[in-house]
Each structure stands twice: as C-alpha cells, then as structure tokens.
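Worksheet: the structure to be examined is printed underneath.
The values are calculated or read from the model by the stated rules, or taken from the named source; none is laboratory data. Note that the structure is a prediction, hence the values are computed from the model and not measured. Here the Cβ is made from the backbone with ideal geometry for all residues, glycine too, and neighbour counts use every protein chain on show. Ligands, DNA and RNA are excluded from the accessible area calculation, which covers all protein heavy atoms including side chains. Shrake-Rupley method; radii C 1.70, N 1.55, O 1.52, S 1.80 Å.
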Amino acid sequence: MRRAAALGSLLACLAAAAGAQTAAKRGLTIKAPAEGDYLIRVKPAQGAPGPEPLPSRFTDPTTNVSIDTKAVGQKPMVMVDDVKSGNTAVRTVDLSSADGLITLRSSDFDHVRQVDVKVTYDSKAVRVARVTLTSAGAKPTSVTLDPTRAGVATFEDVAVGRAQVTVMAGEGVKSTLDAEITTDHTGARLTINAPLGSKVPTLEAGAASTAPEGPAMTAPGGAAGAPAQPASGGFTSLVSTLLGLAVIGGIGYALYRWTQSGGMAATLKKAGIEVSGAPPPDASGTPWQQSAPPPPVVADPTRCQFCGETKGPDGACACSVGAVPAGAPAPGPTHPRLVGVAGIYSGRIFELGGSELTFGRSPDCTAALVDDTTVSRRHATLRADSGGASITDEGSSNGVYVNGVRIAGSQALRPGDEVQIGATQFRLEL
C-alpha cells in the first residue's frame, strides 16, 4: 500500500510538472499576405525576465511558432519583418487568449526595419554628435555618434509618417529637419541625409569605421589552419630602407661634387687615364654682352597692336578677345542654371530654359529631387530675372539657404551664389 501511494504521488508530481511546462509554452499562428522571406522577432513584455528569443524565419504564408510565456510574458510584442522590402509589421499579442492568431495584410507593414541618419559637414562624416529621431506616435530615440559609426545613426522599427531629426554636434551647434518615413524606399533600409551648416570636426574622406580586413596569415608551413605568424619588423624594415636611401643619396651627391670640382679627372689622370670632355670656361675670355634691344614699336591707332592687321570699324580685329568675326552670328543669350557642387545631386545641372524651374520631391516638378527625403514635395522655384535669377521658398519644411542664410520668400541671385535645397548645395551660373 505504501509503495502504491508513493508511486501515485510521484506520477501526480510528474503530471503537474508536465502541465506547468505545457502552460509555459503557447502556440502562435501567423498568416502573412503572401509567400516571401519573413523573420519573426518577439520582444518580452515590460517586467518579463527574458531573454528575447532568437528570430525565426518562414517563407510560407502561414507558420506556427511556440513562445515561452515565462520568458516573454503574456503580452509580448511580435514583429514580422519582410526581409525583401525592409518593412515590419508590429503587433502586441495576448497569449492568454484562446485563438493565438495574427493575420497580416500588406498595409500592416507600416514600420521601417532600419532607418539610417547620415550626419555630414561639407560632405564629410561628422566625428561626434547626438542624433534624436521623433517619429509618429513614438517616444524620441537618441543615438550617440563616435568615429566608429562613421557619421551614421541607426534606428530600428520606425513608424511611417512625418518624423523630426535633431542633431547636436557640439557647443551651440544644433540642427533640426523634417523627414518623411515611408515604406517606399530603395533597398532594405531608409537613409536620411542630415547635412550641418556649421563647421564641426569630421572624419577624413574614405576613413574606415572599422579595421580593414586583410589577407589571412598562414604559418611557415603554409597550412591554412595552422597558427598564424604575425608579420614582424615592419617598422624596422621601413627605417632601414630610409637609411639606405639616405646613404646612397649622400654618396651620389659627393661623387657629383667631386666630378664638378675636377678632383675625379685629376685622380684619373694620375692613374694614367685621360679624361676627355668639354674644356673648362676661360675666365679671361670675352665678357658676356647683352644683345641689342628690339626696335621700338610705333603705335598706329588704325592697326592692331598684337597682330598688326587693320582694325575694323568697331575698333577690333579678328585676334581680339571676345570679337565676333565678320558674318558670324552673334552669341545667343545664356540661361541661368544651378550646378550641384556637394550632396546627393552633386554634379547634376538644372538649367532654366523656360520661365521657371520647380524643385521638389514630387515627380511632377521640372527639377525632381526624388532621392532626397529632406526635400518637400514642392520645395522651391527658380525664375529668370533681369541680369540673373531669383529663387522662392514654396513653404518647404527645411527651407532654402542662399550663401548659408535661410531666406523668407524670394531672394535675388547673382552668378556664384550658393543655394542649398535639402541635402544638396548648388551654385548659380549664367
């Protein structure tokens, strides 16, 4: 009887433990809009001990996952990433409910998995800064930049809509710009350019954020898996090379001086070797005489002072700079144009051929800047003016800058003026 009672108690304990283990594991069914490449990430609820489980991949429209509620809690946050588009669907689920089902549509992927804010000054990555991103319906998130980040602040799971980027890059250096977070972006991440107008420390162009990868080192035996033998004596070899070059240069210079002074010839002559060459200069010879100056040119007002040909009725000849040969058509009028000198559209030329030229992110603009998220849909208008041009801010979010100063309304431009629209600096040319 006692053995039977003990056995029954043991079986009851095992059953209770199995039941508790089953209760800690909850199944979750996820239905995607179509076949694709997806990742499931689960973030523990507030107060849950964790850890966060590893992401799981699925390609079929429907998948089932098992979630440990002891680690993530009863109401964790589930993110489903569309790997190809770089967009994410975010859902807070209640694992205590009976269905345990998440049905997703294409419109539910309303977050961008990764947003990179690139902070630059004069087209170079800034060395240190603090970047804060405030997106729709979310708390502000900050990232501190150091040289290892190469001027790029990365934010994850950012909701689509209007966002604000604030950059603090030193004492009194603060820049704020508006950006559009959209799921229609190139590649798996969205990049926002945040150029600074004030001078701050930057990284050298082409500086790597991490140590460059070099070829794998092998042991003297040549085996790929053998312990690597690090290269040694690099600095010593460099010093030895420099010293050797210095010694060779010194010897060559001494031989040159010896030859020029006649010492080498005298030594060879003593050895019975005759040395031929140009005779030495005779100091008692004929002194140097300056050649006679050219005869003076008699000015003739009817002839060109450069080529001597007869001038035309307008006082110019064919060799005169800017003169138009007889019978040739007069040069046509030049059109104002903006030439990109720095930024996203560096090297692009937008010429004002008609009455006006509109700049903006909208494809309907005559100068469409569709790749710059800091540009408004209709940002600015360039118009021809007497002797030059003028530019008008069409109520853009981030403004128009002329020679580093933000304008209000319209501003007359002169050749050589610098105009900043979004993340590109242009120069006016005629």
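Quick notes
- Residue that is nearest to Ile391 (Cα to Cα), among those in segment 352-363 that are modelled with pLDDT under 90 and open to solvent by 70 Å² or more (accessible area, probe 1.4 Å): Glu356
- Residue check, Glu213 at pLDDT below 75, acidic (Asp, Glu) and at negative phi: yes
- Among residues that are open to solvent by 60 Å² or more (accessible area, probe 1.4 Å), of a type in the set (A, V, I, L, M) and either modelled with pLDDT of 85 or more or not in a loop (DSSP other than H, G, I, E, B) (or both), Leu242 is included.
- Any chance Arg105 is basic (Lys, Arg) and closer than 20 Å to Gly86 by Cβ: yes
- Taking segment 371-425 as the region of interest, the strands (runs of 3 or more DSSP E) fully inside it that hold 2 or more residues being among the charged types (D, E, K, R) are 380-385.
- Those residues of segment 66-81 which are open to solvent by less than 30 Å² (accessible area, probe 1.4 Å) and not hydroxyl-bearing (Ser, Thr, Tyr), in sequence order: Ile67, Ala71, Val72, Gly73, Pro76, Val78, Met79, Val80, Asp81
Yes/no matrix, rows are residues, columns are (1) closer than 29 Å to Val115 by Cα; (2) touching a residue at least 60 places away in the same chain (Cβ under 8 Å); (3) not small (Gly, Ala, Ser):
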position	(1), (2), (3)
Tyr345	yes, yes, yes
Leu352	no, no, yes
Asp372	yes, yes, yes
Arg377	yes, no, yes
Ser390	no, no, no
Gly395	yes, no, no
Asn398	yes, yes, yes
Ala412	no, no, no
Pro415	no, no, yes
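- Of all residues in segment 142-186 being open to solvent by 50 Å² or more (accessible area, probe 1.4 Å), under 20 Å from Ala423 (Cα atoms) and part of a loop (DSSP other than H, G, I, E, B), the one that is modelled with the highest pLDDT: Asp184
- Among the conditions (1) modelled with pLDDT of 85 or more; (2) open to solvent by 40 Å² or more (accessible area, probe 1.4 Å), Ala223 misses just one, which is (1).
- Scan of segment 121-133 for residues that are open to solvent by 50 Å² or more (accessible area, probe 1.4 Å) and of a type in the set (Ser, Thr, Tyr), ordered by number: Tyr121, Ser123
- For Ala34: the one exception among (1) modelled with pLDDT under 90; (2) open to solvent by 40 Å² or more (accessible area, probe 1.4 Å): (1)
- Screening Ser107 against (1) closer than 20 Å to Glu180 by Cβ; (2) polar (S, T, N, Q); (3) touching a residue at least 24 places away in the same chain (Cβ under 8 Å) leaves a single unmet condition, (3).
- Residue in segment 334-341 that is free of Cβ contacts under 8 Å to residues at least 60 places away in the same chain, part of a strand (DSSP E or B) and closer than 28 Å to Lys118 by Cα present: no
- Reported count of residues in segment 187-204, each being in contact with a Lys or Arg (Cβ under 8 Å, 6 or more places away or on another chain), more than 28 Å from Asp81 (Cα to Cα) and not in a loop (DSSP other than H, G, I, E, B), is 1.
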